[in-house]
1. Of these, 90, 65, 76, 80, which one is in contact with a strand residue (DSSP E or B) (Cβ under 6 Å, 6 or more places away or on another chain) and not assigned by TED's automatic domain parsing to the domain that holds residue 347?
2. I'd like to know if the stretch 167-179 contains one or more residues that are surrounded by 15 or more Cβ atoms within 10 Å (Cβ to Cβ) and within 16 Å of the ligand (Cβ to nearest atom).
3. Going by what's in this entry, would residue 183 be described as under 19 Å from residue 354 (Cα atoms), more than 15 Å from the ligand (Cβ to nearest atom) and either surrounded by 15 or more Cβ atoms within 10 Å (Cβ to Cβ) or assigned by TED's automatic domain parsing to the domain that holds residue 272 (or both)?
4. Can residue 70 be described as surrounded by 15 or more Cβ atoms within 10 Å (Cβ to Cβ) and either in contact with a helix residue (DSSP H, G or I) (Cβ under 8 Å, 6 or more places away or on another chain) or farther than 26 Å from residue 132 by Cβ (or both)?
5. I'm checking my understanding of the structure. Among residues of the stretch 24-37 that are within 10 Å of the ligand (Cβ to nearest atom) and farther than 14 Å from residue 238 by Cα, which one is modelled with the lowest pLDDT?
6. Filtering the stretch 127-165 down to residues that are within 13 Å of the ligand (Cβ to nearest atom) and in a helix (DSSP H, G or I), which residue is surrounded by the fewest Cβ atoms within 10 Å (Cβ to Cβ)?
7. Of all the strands (runs of 3 or more DSSP E) wholly in the stretch 1-84, which have at least 1 residues that are farther than 23 Å from residue 121 by Cα and touching a residue at least 40 places away in the same chain (Cβ under 8 Å)?
Ligand code: C5P
């Protein structure tokens, strides 16, 4: 019995990093948005085969960054699901990899949540068990495996707080055209967080001058820096202002005044995204990832030049995306970017309803 499930990607519409927490994670605020690009997860379970229990991971691409052992997110979640349900058997998990590895699209997290769904379905189909995981148990297990997993239990547009694992469904943005560029660079998320901490500690002075090597600075200058340097918690305050302005329908903090009326040619729903963008959302990871990989900054520029209404790094990267006015504009931009040698694809965001409708592809 094999169950196949689509494992969709996400992008981050703004990401603000706060202070490091005692548990080593960082406080953050982000708006997650599911998109139509996906991997496929196939789970099969053999019971009473005489071959005992165990979990086997296979992956269609032979990328060494996808572990095939117990450190794989799919393995870790399958182990917990079996344990929670008191189920046994030989579980085979096949990852049909299409999404970039370490790409900031949440692929490993999404793969794990898809494994949880597929495994539960497979167990039910083999009549191995009648009970289901409760929604609370799914959420707890997902959050144990990683900060980005719970969002895939919600789908659509969702607010992420805490270390990212606390998710709240937001008013769903309509399906919007997106161009996704995957530069083939792997960015380590823990390293990007550590680089952010270093930037906060030794950040540029208010006058833009970099700290001197060895920290040799006049005493007065140091004091000024300490008074003017943004603190990690400031980012969360800024995020809170931008997001609450957006959610309360008065989003024009930075952009033009919002009358509350839909802009010409657009519905209120259609303008929600524009409103969010107008609040001046940013992805803090750009500040540490772009200096290390200047080509990623160039790709963001290329997306802007190709006509995107908003372009950004997703998560800690290396994927960049641009939001477009129409599918035709997105298709044209993707083709233009491909001509420039970039791996660009036109797709769309997925509403919550689309996410749930399309996730389950029961079959092979
Ligand atoms: O939760 P997840 O396993 O995806 O996180 C991977 C790593 O990213 C963590 O071990 C931590 O170093 C870093 N992280 C963080 N703050 C977060 C989320 C992740 O520092 N909010």
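1. Numbers: 65 fails: in contact with a strand residue (DSSP E or B) (Cβ under 6 Å, 6 or more places away or on another chain); 76 fails: in contact with a strand residue (DSSP E or B) (Cβ under 6 Å, 6 or more places away or on another chain); 80 fails: in contact with a strand residue (DSSP E or B) (Cβ under 6 Å, 6 or more places away or on another chain).
Answer to the selection: 90.
2. Yes - at least one qualifying residue is present in the stretch 167-179.
3. Details: under 19 Å from residue 354 (Cα atoms): no; more than 15 Å from the ligand (Cβ to nearest atom): yes; either surrounded by 15 or more Cβ atoms within 10 Å (Cβ to Cβ) or assigned by TED's automatic domain parsing to the domain that holds residue 272 (or both): yes.
In short, no.
4. no
5. Among those residues, the one meeting the criterion is 24.
6. First, pick out the residues of the stretch 127-165 that are within 13 Å of the ligand (Cβ to nearest atom): 142-152, 160-165.
After this cut, where a residue has to be in a helix (DSSP H, G or I) as well, the list is 142-145, 150-152.
Details: 142: 25, 143: 19, 144: 12, 145: 23, 150: 25, 151: 28, 152: 27.
Filtering the stretch 127-165 for residues that are within 13 Å of the ligand (Cβ to nearest atom) and in a helix (DSSP H, G or I), the one surrounded by the fewest Cβ atoms within 10 Å (Cβ to Cβ) comes out as 144.
7. Numbers: elements: 2-20, 26-46, 54-59.
Correct list: 2-20, 26-46.
Conditions (1) in contact with a strand residue (DSSP E or B) (Cβ under 8 Å, 6 or more places away or on another chain); (2) crowded, with 21+ Cβ neighbours inside 10 Å; (3) at pLDDT below 95; (4) within 24 Å of residue 352 (Cβ to Cβ), marked per residue:
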position: 19; (1), (2), (3), (4): yes, no, yes, no
position: 22; (1), (2), (3), (4): no, no, yes, no
position: 53; (1), (2), (3), (4): yes, no, yes, no
position: 106; (1), (2), (3), (4): yes, yes, no, yes
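The values are calculated or read from the model by the stated rules, or taken from the named source; none is laboratory data. Keep in mind the model is a prediction, meaning the values are calculated, not measured. So basically every Cβ, Gly included, is an ideal-geometry build from the backbone, and we count neighbours across all protein chains shown.
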